[in-house]
Amino acid sequence: MSESDRYNYPFNWSAMLRLGILLAGAGLILLPLGIVFLTSLTPAGAVSLGIANSLIPSAWTTENYQKAWQMGKFWLAFANSTLVALAVTATQIFTSALAGYALARLKFKGRQAILLIIIATLVIPFQMLVIPIFLVLKWGHLINTYGALILPTAANGLGIFLMRQYFQTIPIEIEEAAAIDGANRWQILWELMLPLSRPALVTLFLFTFIGEWNDLFKPLVFTTKPSLRTVQLALADFQEQFTNNWPLLMAAVTIATVPVVLIFLVGQKQFIRGIATTGVKN
């Protein structure tokens, strides 16, 4: 190819237009996050009436993060949220894998009816079930315990449906070959199907962990002990105490947001792959 031919390709205006629209959309989405971060670096007193004098602070400080961390007691809230989010995520992966595999591969009477019931649960808000759940937890003496934060969401219809759909994309011939080699159903699921389902597992992990990390409703309703405060509950309490101190409040918001952003960035490739292939039936 000659040097002149390299520059004779037609310019793709359509692709550039789509790229520009995507970049503009990304900018609009990231703009509030950028304002929160920049405000958190602004010295106290430099922000009035909740509106920064300039998007770029004239002076920078990280003192707000240290104050917010200590005054909001976020170390305890982080520990509680991490424990609850990991426990709920682990139980949801376990229950979703078992139920999803049964609905995808096992032949039994009423399978489609059970699947329809599970899908129907997706349209029922959790808030509508809070009274019976509260009564069950009270009967089991679980109010003001970690069990009250974990058990109500230990199983989820979305996770079951997600795993079921992904299992159906895996060729059944792989399972038949494993069965010929002497593997039972349990071994096929845990040693064969789950390793092949990493994108779906990562997707379920991200959905569940981020959802539990951002959940305010359960700790607000089922707990009253300060020792069981989660990040979102601590952030709500912090907001009531420092309503007019915007730099300090934005530092607290950033502290609560950073962990889930980092987790999503780490698993984003598997997440996109899991979402793209979940609805494809082999």
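Annotation: for a label point projected 7 angstrom from Cα along Cα→Cβ of Ile29, residues of the range 172-216 with backbone N closer than 18 Å are 203-204, 206-208, 210-211.
Counting neighbouring Cβ atoms within 10 Å and putting the fewest first, the residues Met193, Met128 line up as Met128, Met193.
Please state the relative contact order of the chain as a whole percent: Cα pairs under 8 Å, 6+ residues apart? The value is 31 percent.
List the residues of the range 92-115 whose backbone N lies under 12 Å from a point placed 7 Å from the Cα of Arg185 along the Cα-to-Cβ direction. Zone members listed by number: 98-109. Of Lys107, Lys73, Lys225, the sequence from fewest to most neighbouring Cβ atoms within 10 angstrom is Lys107, Lys225, Lys73. Counting neighbouring beta carbons within 10 Å and listing from fewest to most, the residues Met250, Met16, Met163 come out as Met16, Met250, Met163. Between Met71 and Ala15, the contour length at 0.36 nm per residue exceeds the alpha carbon distance by 15.2 nm.
Taking the Cα atoms of the chain, the ratio Rg/Rh between the radius of gyration and the Kirkwood radius comes to 1.08. Each of Val136, Leu83, Gly25 was scored by the projection of its Cα onto the charge dipole of the chain, and the greatest displacement toward the positive side belongs to Val136; charges sit on the C-beta of Lys, Arg, Asp and Glu.
Only the coordinates and a few stated rules stand behind these numbers; no lab work does. From a predicted model like this one, the values you see are computed outputs, not experimental measurements. Cβ sites come from the backbone with ideal geometry, for glycine too, and all protein chains shown count toward neighbours.
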